[in-house]
Structure formats: structure tokens, C-alpha cells
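The values are calculated or read from the model by the stated rules, or taken from the named source; none is laboratory data. Because the structure is predicted, anything quoted here is derived from the model rather than measured. Here the Cβ positions follow ideal geometry from the backbone for every residue, glycine too, while neighbour counts run over all protein chains shown.
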Amino acid sequence: MLVVLTERARSLAQLQVDFALGVSHELRTPLTVIRVAADNLKKGMVENAGQARTYGEIIDTHASELSNMIEETLAFSRLQAGSLIGKLIPVSAEQIVRSSLANCEAALQNARIEVEVHIAPDIPLVEANIYLITRCLQNLIQNVVKYAAAGQWLSIRVAKVALPEGERVQISVEDRGPGISPADFPHIFEPFYRGRNGEASQVPGVGLGLTLVKRVVEAHLGKIEVKCSDRGALFSLLLPPCSFPPESRKAV
Ligand code: ADP
């Protein structure tokens, strides 16, 4: 027992060190860009309205990157601290898809990504914390923008599938990007793991997005699956249907 407890304390301490190192390193990049832009503005290095707008856009983009990373880090800390996933209510998968897409609309448009949405008829509701599940889908969509924008295509499908463990509502996100390399594939759900495409091309991130998605989906008694080829990646969230009797179901 003592050995197990000591080992657990050691790995927790290591996780905390990795956490602090990983996060502060990644936060520094957008912060530096914001500071340089602000400094140039302060020194009056802007000659016209067009240049001022460009600086404004740079600051805006990097500030949203920064707040995404902070959000992700906070969500990770909360789950790490064992906090519950909160109140579950019956939600339609369509609602989850529409809200996630609306929140990512600007990023998808900027990256010129064509979006296809297919929602099969008669999909049962799922019991979910809508905020957390929407964030999960947003993470998958944001990853397409970050790593697979070259494919300029994203498809979101909602279907009902029969698994050995029972019926599940499947929400899948497919892209036509470079896919995930075999070296990265076994690790992408590990905390702080960043694939080669992320690190090499300086795409912002702390390597917590997929860890969070997996943990949140599992806390909803669901699972996440990923298929990959050199023609793109396909992530699927599989959630158990709502257990309420149909007459008492009410979508949000
Ligand atoms: P982050 O984006 O902060 O690196 P994630 O946990 O969201 O963290 O992703 C882990 C890694 O998985 C990324 O660094 C990237 O290499 C890879 N990845 C995730 N989604 C995709 C995708 N759609 N296409 C290619 N690679 C991806």
C-alpha cells in the first residue's frame, strides 16, 4: 500500500511539474506577439489606419489563442481535481453540433474550410452537460482548423450506431488533412502530448485538448474513437442515449 501511495504521489508531482512547464511555455508565444504589437503601437510605429487594423487583428487572434489555452488548462485542472461533470440534461446531438459550429464559425471561415453536416433522422437524445460536450466537439473542430486546414473540408455526422455494449449516438468529425503520423497516434490522448505537426509548425496548443475530450466523454459513459489515414483523420464521440422514457424527454 505504501509503495502504491508513494508511486501515486510521485506521478502526481511529476504531472504538476509537466503541467506548469508545458502551460507556461505555450502561453509565452502568443503573449510575446501581443507585447511586440502593443509596443509598436505605443511607440507610434503605425503610419495609417490599415496598419493599425493589422495590429488590431494580430492582437485579437493571439489574445483568443491565449484565452483558449487558459480555458483548456482550467478545464483540465478542474477534471484533475476530480470535480464532477455537473448536471446532466437531455440534449439533442443536433443542438450540440449547431452550437459548436456557431462558436467556431469565424475560425472556419478564416481558414476557408467547407463544412458538411449530416444528421440522420430519429436520433435519440443524450444525457449530457451541454457546456462540456459542446466544448469537446469544438476542440475537435478547432483541431481541424489547426492541423487539417489544408484539406479545406470538414464533415460532421450524427448517426445512431449499434455497438456490442448497446445503441450509441455517434457524432463524428472528419477532415481531409494530413492525418496523424503512426509515431503520434498512440499518444494523442496523453496529457501535454503534442504531435510533430503541432510542434514543428508552431501551431499554438498545450496538448490537453484531446485529453479533455476523452475524459469528458468517458465521464458521460461514452467513448472516443479515432481512425486515421494519409487522407485525413476521423474522430467519433459515442454517447449513450438518454435513459428517460420518451414522453418525459425534452431537448434543450
Ligand atoms: P494540441 O492541439 O494542444 O496539440 P490536442 O490534444 O488537441 O493538443 O492534440 C494532440 C495532437 O494530436 C496535436 O498536437 C496534433 O499533432 C494531433 N491532432 C489532433 N487533431 C488532429 C487532426 N485533425 N489532424 C492531424 N493531427 C491532429
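Which of the residues belonging to region 176-211 are under 24 Å from A128 (Cα atoms) and either more than 8 Å from the ligand (Cβ to nearest atom) or of a type in the set (F, W, Y) (or both)? F189, E190, P191 - these are the residues of region 176-211 that are under 24 Å from A128 (Cα atoms) and either more than 8 Å from the ligand (Cβ to nearest atom) or of a type in the set (F, W, Y) (or both). Listed by first and then second residue, the pairs with beta-carbon distance under 7 Å, at least 6 apart or on different chains, first residue in region 176-199 and among the charged types (D, E, K, R), second more than 7 Å from the ligand (Cβ to nearest atom) and part of a helix (DSSP H, G or I), are R176/G151. Filtered by the rule that a residue be of a type in the set (V, I, T) and either assigned to a loop (DSSP other than H, G, I, E, B) or under 29 Å from I58 (Cα atoms) (or both), region 101-157 gives I113, V115, I123, T134, I141, V144, V145. In region 227-244, of all residues being buried (at least 16 other Cβ atoms within 10 Å of the Cβ) and of a type in the set (A, V, I, L, M, F, W, C), the one that is nearest to the ligand (Cβ to nearest atom) corresponds to A233.
Within region 208-231, residues that are among the hydroxyl-bearing types (S, T, Y) have Cβ atoms under 8 Å from residues that are at pLDDT 90 or above and buried (at least 19 other Cβ atoms within 10 Å of the Cβ) in these pairs: S229/G179, counting only partners at least 6 apart in sequence or on another chain. Of the residues making up region 178-231, those that are of a type in the set (A, V, I, L, M) and not in a helix (DSSP H, G or I) number 9. Could you say which residue among P30, P90 is part of a helix (DSSP H, G or I), at pLDDT 85 or above and in contact with an Asp or Glu (Cβ under 7 Å, 6 or more places away or on another chain)? Of P30, P90, the one residue that is part of a helix (DSSP H, G or I), at pLDDT 85 or above and in contact with an Asp or Glu (Cβ under 7 Å, 6 or more places away or on another chain) is P30.
Considering region 143-166, and only residues there that are away from the ligand (no atom under 16 Å from the Cβ) and farther than 16 Å from V217 by Cβ, the residue that is surrounded by the fewest Cβ atoms within 10 Å (Cβ to Cβ) turns out to be P164. Among residues of region 115-134 being surrounded by 23 or more Cβ atoms within 10 Å (Cβ to Cβ) and under 18 Å from the mean Cα position of the chain (by Cα), the one that is farthest from L237 (Cα to Cα) is A128. As for region 120-135, it holds at least one residue that is touching a helix residue (DSSP H, G or I) at 6+ places or on another chain (Cβ under 9 Å), at pLDDT below 95, closer than 22 Å to G195 by Cβ and within 16 Å of the ligand (Cβ to nearest atom).
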